[in-house]
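Working notes, structure below.
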Amino acid sequence: MLESEILEISKGPIKYKVHRAVLASLGGDFVEPNDIMFVLQNNFGDPYVLGLFLQWAYTKEYHVDLSKLSISKGVLHVHKELYRVAYFYGVHDLQDLCLRKVDAWLQKHGETPPEPVAEEVLAVTEVVIKWFPELEDAIVDCLLRYISWTLKTMRRLKGFNDLIERRPKVGVFLLQNCRPAENRS
């Protein structure tokens with residue numbers, strides 16, 4: 001595999017080199033490495049996220065270092081972007097890994113996340129719901145369940161009320177999945 005032709009992918013000022021055989025091994029909806037080359041050059045907003053995709057292509061793992069992002073977004077945004085490419089191009093192994101990482105990140109922040117974390121969750125959820133307006137995907141389910149479990153924090157944020165107003169189905173989902181209160185106060 002590592003003996004195959006090396007291709008160069010440019011994203012902004014950054015150039016990545018990748019083996020043709022590695023691209024061909026990704027499967028999904030890519031017919032040939034040239035198809036995936038087009039996708040890689042045109043479907044990643046941040047060159048660092050493209051680098052994470054290529055890291056995953058070689059190792060089946062990726063690790064986020066926020067200091068390398070060219071945009072000021074959080075870890076959840078990075079997982080979301082990788083999930084988007086994986087979902088829309090049928091790269092199921094990466095899609096599953098992203099979902100596990102989203103779930104682990106949410107669990108790490110628990111039921112009372114700090115406000116910046118809650119705002120990031122709401123922002124990512126808003127974007128993901130645009131991709132899946134019927135709320136039928138696993139990442140939507142994961143994010144909305146987290147919001148339902150953290151209502152005490154989420155309901156204080158303007159973004160929460162905006163989300164409910166724009167997406168009434170979200171309110172229904174949250175009511176169906178919220179945990180009972182531990183006490184009446």
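Selection within the stretch 147-163: residues that are open to solvent by less than 10 Å² (accessible area, probe 1.4 Å) and aliphatic (A, V, I, L, M). The member of this set that is nearest to Gln107 (Cα to Cα) is Ile147. Restricting attention to the stretch 131-182, the residues that are among the hydroxyl-bearing types (Ser, Thr, Tyr) and over 20 Å from the mean Cα position of the chain (by Cα) add up to 1.
One residue stands out in the stretch 117-146 among those that are aromatic (Phe, Trp, Tyr) and in a helix (DSSP H, G or I): the one that is least open to solvent (accessible area, probe 1.4 Å), namely Tyr146. Among all residues of the stretch 94-113, there is none that is assigned to a helix (DSSP H, G or I) and more than 22 Å from Asp65 (Cα to Cα). Residues in the stretch 47-93 that are outside any helix (DSSP H, G or I), open to solvent by less than 20 Å² (accessible area, probe 1.4 Å) and in contact (Cβ under 8 Å) with a residue 40 or more places away in the chain: Gly74, Gly90, Val91.
Evaluated against (1) open to solvent by 20 Å² or more (accessible area, probe 1.4 Å); (2) modelled with pLDDT of 95 or more; (3) within 11 Å of the chain's Cα centre (by Cα), Ala104 falls short on exactly one condition, (3). Checking the stated criteria, Val39 turns out to be open to solvent by less than 20 Å² (accessible area, probe 1.4 Å) and of a type in the set (Val, Ile, Thr). In the condition set (1) under 27 Å from Gly12 (Cα atoms); (2) touching a Lys or Arg at 6+ places or on another chain (Cβ under 7 Å), Leu135 is compliant with all but (1). Residue under question is His109, and the condition is that it be in contact (Cβ under 8 Å) with a residue 60 or more places away in the chain and either of a type outside the set (Gly, Ala, Ser) or crowded, with 18+ Cβ neighbours inside 10 Å (or both); does it hold? In short, no.
The residues of the stretch 152-170 that are out of contact with any helix residue (DSSP H, G or I) (no Cβ under 7 Å at 6 or more places or on another chain) and assigned to a helix (DSSP H, G or I), listed by number, are Lys152, Lys158, Asn161, Asp162, Glu165, Arg166, Pro168, Lys169.
The values are calculated or read from the model by the stated rules, or taken from the named source; none is laboratory data. The model shown is predicted, which means the values in this text are computed figures rather than measured ones. For neighbour counting, all protein chains shown are included, and Cβ atoms are generated from backbone atoms with ideal geometry for every residue, glycine included. Heavy atoms of the whole protein, side chains included, go into the accessibility calculation; ligands, DNA and RNA do not. Shrake-Rupley method; radii C 1.70, N 1.55, O 1.52, S 1.80 Å.
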